[in-house]
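Read-outs: derived from the displayed coordinates by stated rules, not from any lab. Everything quoted here is computed from the prediction, not taken from an experiment. FYI the Cβ positions are ideal-geometry reconstructions off the backbone, even for glycines, and counts take in every protein chain you see.
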C-alpha cells in the first residue's frame with residue numbers, strides 16, 4: 001500500500017540539531033504540558049460519566065411512580081419498516097454508535113430506496129451491536145436522515161411512550177438488563193424487532209415520562225459542550241508538538 005522507505009532515504013533526512021541540554025528542556029516542558037492535557041481529558045471524561053449517571057437517575061426516579069405498569073415492548077412500540085423511496089438522495093446517512101447518533105461510516109449501499117427514514121423522535125439501533133450499546137435517537141435540533149435497511153428503527157406509540165424517555169431507558173441499566181435477558185449467548189447476537197418485542201418494560205404514566213423527558217432534554221446541550229471540549233483536547237498534543245518543533249527549527253535556521 002505504501003512505497004518502501006530505504007535505510008539510505010532515512011539517513012538522508014535532515015532534522016534540526018539541538019544541544020543535549022536544550023533537548024532535555026524541551027522534553028521536560030512537553031511532559032508538563034502533556035500531563036496538563038491528560039488531566040483536562042480525564043476531567044472532561046468524568047463530566048460525561050456524571051451526566052450519564054444523572055440521566056440514569058432521572059429514568060430511575062420516573063420508574064418509581066406508583067402508577068407504573070409492566071408491558072411487552074411489542075405492545076408499546078411501533079417499528080418503522082418502510083424505506084424512504086426515491087427521496088433517499090435528500091438525506092444524510094446516519095448511524096448508531098455507543099455514544100449515540102453519528103454520521104454513518106459508510107455511504108449508501110445497494111437498493112438505497114430501502115434505507116429507512118429516521119425522523120425526530122425515532123430510535124434506532126444496529127441489531128448486531130445492540131449488546132454493546134450501539135443505539136441512537138434523532139432528537140429535536142438534530143438533522144433528520146436515513147439509516148441502513150439492516151437497522152431496527154422504532155418509535156414510541158403515541159400517547160403511550162415518550163420516545164426520548166424510551167431512548168434513555170434503553171441505554172440505562174434497566175434497558176441493558178432487558179436486552180441482556182433477551183440475548184441467547186452468541187458472540188455476535190442479531191436482535192431484530194421481533195425479539196426485542198418480547199422484552200418487558202415498566203412504564204410510568206405518559207405525563208411522568210414527559211416530565212422526565214424534559215429534564216433529559218436539558219442535559220443534551222451540556223453533554224455536547226463537554227464533547228466539543230474533548231475534541232479540542234484531543235487535538236492539543238499534536239498542536240503542542242508542532243509548535244515546539246516549528247519554533248525550534250526556526251531558531252536553528254535563524
Between residue 174 and residue 12, what is the label-point separation in nm under the 7 Å Cα-to-beta-carbon projection? 6.8
Protection proxy ranking, peptides 74-83, 140-149, average beta carbon neighbours within 10 Å, highest first: 140-149, 74-83
What is the fewest-to-most order of 69, 106 by other Cβ atoms lying within 10 Å of their Cβ? 106, 69
Starting from the Cα gyration tensor of the range 68-204, take the square roots of the eigenvalues, sort them a ≥ b ≥ c, and report rounded, prolate or oblate (rounded when a/c is under 1.5, otherwise prolate if a/b is larger than b/c, else oblate). prolate
Residues in the range 156-184, backbone N under 20 Å from the label point at residue 218 (7 Å along the Cα-to-beta-carbon vector): list them, ranges by number please. 162-169
Structure-based [θ]222 nm, the chain - -39500 (n - 2.57) summed over DSSP H runs of at least 4, per residue, nearest 500: -16500 deg cm²/dmol
Using Cβ contacts closer than 10 Å as the measure, can you line up 203, 241, 66 from fewest to most? 66, 241, 203
What ranking do 166-177, 52-63 get when scored by the average of other Cβ atoms within 10 Å per residue, highest first? 166-177, 52-63
Compute the distance from the alpha-carbon center of the range 137-174 to that of the range 56-113, in whole Å. 4
Least to most buried among 213, 64, by other C-beta atoms within 10 Å and fewest first, runs 64, 213
